[in-house]
1. Students often check this: by mean Cβ neighbours within 10 Å, which of 68-75, 208-215, 123-130 ranks highest, and how do the rest follow?
2. Out of the DSSP beta bridges found with both residues in the chain, what percent are antiparallel (nearest 5)?
3. What does the helix-only formula give at 222 nm for the chain: each DSSP H stretch with n ≥ 4 adding -39500 (n - 2.57), the total divided by the residues, and the result rounded to the nearest 500 deg cm²/dmol?
4. Top mean-square fluctuation among Thr145, Thr46, Thr60, Gaussian network model of the chain, C-alpha springs under 10 Å?
5. Multiply the residue gap between Ala98 and Ser111 by 0.36 nm, knock off their C-alpha separation, and tell me the result in nm, one decimal place.
6. Order 249-258, 81-90, 283-292, 180-189 from most to least packed using the mean count of other Cβ atoms within 10 Å.
7. Starting from segment 92-143, pick out the trypsin sites (Lys or Arg not before Pro) whose DSSP state is loop and whose Cβ has at most 13 other Cβ atoms within 10 Å.
8. On a C-alpha basis, how far is the centre of segment 6-31 from the centre of segment 138-165 in Å? Whole number, if you could?
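What follows draws every value from the coordinates through simple rules; no lab data is involved. All values reported here derive from a predicted model rather than from experimental measurement. For neighbour counting, all protein chains shown are included, and Cβ atoms are generated from backbone atoms with ideal geometry for every residue, glycine included.
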Amino acid sequence: MWTHRHLLGIEPLSADDIDTVLDRAETWHALSRKTEKKVRLLHGRTVISLFFEASTRTRTSFEAAGKRLGADVVNVSSSGSSVSKGESLLDTAKNLEAMRADVLIVRHAASGAASFLAERMQASVVNAGDGAHEHPTQALLDAFTIRRSKGRLSGLIVAICGDIAHSRVARSNAILLGKKGAEVRLTAPRTMLPAHAETLSPAVRVMPRFEDAVHDADVVMMLRIQNERLAGAMMSTTREYSRTYGLGPAMLAKAKPDAIVMHPGPINRGVELDPRVADGNRSVILDQVEAGVAVRMAVLDLLLTGGNHSPSDAPLPRPSRPSLP
Ligand code: ASP
């Protein structure tokens, strides 16, 4: 049912693979809402995360995901590791693999970093974001959130707005939503639109005017300006940007009345998102965060077991109470 050894991007996945992840994530989403949210499924397995770029949600949720499935999870970041002494990506990864890691979760500023390692490692490699290329688990958790809210992906209009040129989130989402039959509208100042955005998927339409993209949309997904990829130089001023491309209540009113608002985080409040919208009743931003744990559980589960088990297998036994003498 699941044949991939690595998760390097959305590009290599079929529409059925995407459904497999989302369906399996439903099980883990339900488990995560229980008081006792842990099973033994990956007991004895070792998951190592190796992050060369900052992260709050992705890293924490992979850690929570691995632990909820019973795996041992070890986190390594570039600062504080020998990477800061000049060790290469491959040497670092090979050393972690020598500790018998079963899965290596990698975030790196270079596009292709995860694929580069996957070609040279025995362990499964998960791409947790490689430069401006792909962020597959983000797109999967976004799809999970949309599907839960709208009941489907196919036929929806999804407007993705902001720094498309530097966004791995936009790329992975455009590819996934295209595979699942949604219409994807990309909107941004011209300097933040990649040259051939339409080639991402036949589902993509580039709409330079924000309001055209938002008109009648079912989903409005806002993006942060990727200053670490020098995107700040591509706009006049933050004030001007937020006036033309920031999502406030008036612009949101142009979308469908039940449209949802998404953001992968971290939000720059007052820049791409008006706080009234970020915290309003159409925002599903924290639902996305919750979905992130379930989807990452599904990914670890499928990579390590192939999904060939009843998902609720092997709950952790309750600690037995010591018997009174
Ligand atoms: N957290 C997402 C990423 O790592 C989005 C962002 O940083 O703006 O790509």
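1. Most protected by this proxy first, the peptides run 123-130, 68-75, 208-215.
2. On the way: 2 of 37 bridges.
Looking only at bridges with both residues in the chain, the antiparallel portion is about 5 percent.
3. For the chain, the value works out to -10500 deg cm²/dmol.
4. Per the Cα network of the chain with a 10 Å cutoff, Thr60 tops the list.
5. 2.2 nm
6. Numbers: 249-258: 13.9, 81-90: 12.1, 283-292: 19.8, 180-189: 22.3.
Ranking, from highest mean packing down: 180-189, 283-292, 249-258, 81-90.
7. Taking segment 92-143 and a limit of 13 other Cβ atoms within 10 Å, the loop trypsin sites (Lys or Arg not before Pro) found are Arg100, Arg120.
8. About 14 Å separates the Cα centre of segment 6-31 from the one of segment 138-165.
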